[in-house]
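Participant: First, the structure itself, so that you have it in front of you.
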Amino acid sequence: MNDKNKTKVGDNTRLAHIGNNPRAFYGFVNPPVVHASTVLFPDAETMASRNQKYTYGTRGTPTTDALAAAMNELEGAAGTIIVPSGLAAVTVPMLAFLSAGDHVLIVDSVYHPTRHFADTMLSRLGVEVTYYDPAVDAGIGALMQPNTKVVLTEAPGSGTFEMQDIPAIVEVAHRGGAIVMMDNTWATPLFFRPLDHGVDISIQAATKYPAGHSDILLGTVSANEACFERLLDTHGALGICAAPDDVYQVLRGLRTMGVRLERHQQSALALARWLEGQKGVARVLHPALESHPGHAIWKRDFSGASGLFSIVLDGGGQTQAHAFLDALKYFGLGYSWGGYESLAVHVQLNDRTIAHAPKEGPVMRLQIGLEDVEDLKADLAGALAAAAKA
Ligand SMILES: Cc1ncc(COP(=O)(O)O)c(C=O)c1O
């Protein structure tokens, strides 16, 4: 595609054509899966100067380049690194931009393993960590310190789906000399493009919607021009590179991500609206619902919603939560998400210091898969009845 067409074509057209150049591989539609450690050089001088496109397996191959090019296009990024998990897509940029004596601001509704990394490894390395309210908006200014180097955002929040005013946070953080990172796994770059809103580094657990089939772990980190070199240097220094078959499977998954997401979106919204009217449900935490406190921000900044949201049961505790889960037939009990099948989990929120757990009852996170909505509805109705009886 030439630059002129880029802005005009639809998402699904882009997804069908990005990240490959058939003419570079004898016309084959897909790029090769290059398994590589050693790369040969034609002569000693080239070897000494490393003056050729590929030099070592950890530093990139035509397969990783294809996925990175696709992600650059989707994210509007200067460059993308590929790492072996979504969690590594959070930890590698943090290690790239934080040093001993620095301060990082992390949203309190963050994905729990990110908090664990901050509280253990970042603290051990001498980085000061402060958690902030997802509703902080421009109030983040009051928390900025002269040594604040990174503001980490994640919207909607893990398990509880709080929205964040990303442009307001970006403006204040940049004024204070910090860069902004965003874990944008929920929306994917199809429904929100962080870099277009001033974010410096966009994090994607490609394990979820890009892979889409619950069989791959992968992460991508996309950066703007100013941040990419440092990110790439750190990636090279750490040697945290991804396996070629997994990279290829994510590139394959991207081709259908648009149509899958459309279906996830429709089914999740239909079920979220239906759940709002059900006995036994105190609240539905889905930013595309008008009742959601972050709905105005979602509507202003996002162009869609994916298939993950939570419900708050109307009363009860662990017994009711477990009765709900154990009654489900089609929803599996599992932690990852973004695949073709529906899943449910009882969300644990004991780690929160500011964005506390809803008081009405247990929070159940639902990943709505590609099954037929009526079957999922019947399954959820049975689970609600079981929780009421418990
Ligand atoms: C928001 C978010 N970020 C990152 C991750 C980590 O992804 P992975 O499972 O590939 O490590 C997850 C996984 O659930 C997630 O929900």
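Participant: Regarding residue 335, is this residue part of a loop (DSSP other than H, G, I, E, B) and in contact with a strand residue (DSSP E or B) (Cβ under 8 Å, 6 or more places away or on another chain)?
Facilitator: yes
Participant: Criterion first (at pLDDT 95 or above, aromatic (Phe, Trp, Tyr), open to solvent by 10 Å² or more (accessible area, probe 1.4 Å) and in contact with a Leu (Cβ under 9 Å, 6 or more places away or on another chain)) does residue 191 satisfy it?
Facilitator: Taking the combined requirement at face value, the residue satisfies it.
Participant: For the range 252-300, name all the residues that are under 18 Å from residue 384 (Cα atoms) and open to solvent by 60 Å² or more (accessible area, probe 1.4 Å).
Facilitator: 273, 276, 277, 279, 283
Participant: In the range 123-169, which residue that is in a strand (DSSP E or B) and of a type in the set (S, T, N, Q) is surrounded by the most Cβ atoms within 10 Å (Cβ to Cβ)?
Facilitator: The qualifying residue surrounded by the most Cβ atoms within 10 Å (Cβ to Cβ) is 153.
Participant: Surrounded by 20 or more Cβ atoms within 10 Å (Cβ to Cβ) and not in a strand (DSSP E or B): which single residue out of 120, 63, 58 fits that description?
Facilitator: Criteria check complete, one pass: 63.
Participant: Testing residue 319 on (1) under 20 Å from the mean Cα position of the chain (by Cα); (2) surrounded by fewer than 19 Cβ atoms within 10 Å (Cβ to Cβ), one condition comes back false. Which one is that?
Facilitator: (1)
Participant: Just to verify a result, which residue in the range 38-52, among those that are open to solvent by 90 Å² or more (accessible area, probe 1.4 Å) and part of a loop (DSSP other than H, G, I, E, B), is farthest from residue 62 (Cα to Cα)?
Facilitator: 42
Participant: Out of 19, 79, which single residue is open to solvent by less than 40 Å² (accessible area, probe 1.4 Å) and at pLDDT below 95?
Facilitator: 19
Participant: Let me ask something else about it. Can you go through 344, 321 and tell me which one is part of a strand (DSSP E or B) and either of a type outside the set (A, V, I, L, M) or at negative phi (or both)?
Facilitator: Result of the check over 344, 321: 344.
Residue-by-condition table, conditions (1) in contact with a helix residue (DSSP H, G or I) (Cβ under 9 Å, 6 or more places away or on another chain); (2) among the small types (Gly, Ala, Ser); (3) over 30 Å from residue 145 (Cβ atoms):
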{"position": "19", "(1), (2), (3)": "yes, yes, yes"}
{"position": "28", "(1), (2), (3)": "yes, no, yes"}
{"position": "34", "(1), (2), (3)": "yes, no, yes"}
{"position": "38", "(1), (2), (3)": "yes, no, yes"}
{"position": "45", "(1), (2), (3)": "no, no, yes"}
{"position": "70", "(1), (2), (3)": "yes, yes, yes"}
{"position": "74", "(1), (2), (3)": "yes, no, yes"}
{"position": "90", "(1), (2), (3)": "yes, no, no"}
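Participant: From the set of residues in the range 301-349 that are closer than 20 Å to residue 387 by Cα and among the acidic types (Asp, Glu), which is farthest from the ligand (Cβ to nearest atom)?
Facilitator: Applying the filter and picking the extreme gives 314.
Participant: Related question: For the structure I just gave you, tell me whether residue 99 is polar (S, T, N, Q), open to solvent by 20 Å² or more (accessible area, probe 1.4 Å) and within 16 Å of the ligand (Cβ to nearest atom).
Facilitator: no
Participant: So which of 136, 92 is within 15 Å of the ligand (Cβ to nearest atom), in contact with a Leu (Cβ under 9 Å, 6 or more places away or on another chain) and modelled with pLDDT of 95 or more?
Facilitator: Exactly one residue qualifies, and that residue is 92.
Participant: Now for a different question. Say whether the condition of being within 16 Å of the ligand (Cβ to nearest atom) and touching a residue at least 40 places away in the same chain (Cβ under 8 Å) is met by at least one residue in the range 114-130.
Facilitator: Scanning the range 114-130 turns up at least one residue that is within 16 Å of the ligand (Cβ to nearest atom) and touching a residue at least 40 places away in the same chain (Cβ under 8 Å).
Participant: I would also like to ask the following. Could you grab me the full set of residues in the range 327-365 that are open to solvent by 30 Å² or more (accessible area, probe 1.4 Å), of a type in the set (Val, Ile, Thr) and closer than 17 Å to residue 161 by Cβ?
Facilitator: 354
The values are calculated or read from the model by the stated rules, or taken from the named source; none is laboratory data. Not measured: the values here are computed from a predicted model. Virtual Cβ from ideal backbone geometry, glycine too; neighbours counted across all protein chains shown. Accessible surface areas use protein heavy atoms only, side chains included; no ligands, DNA or RNA. Shrake-Rupley method; radii C 1.70, N 1.55, O 1.52, S 1.80 Å.
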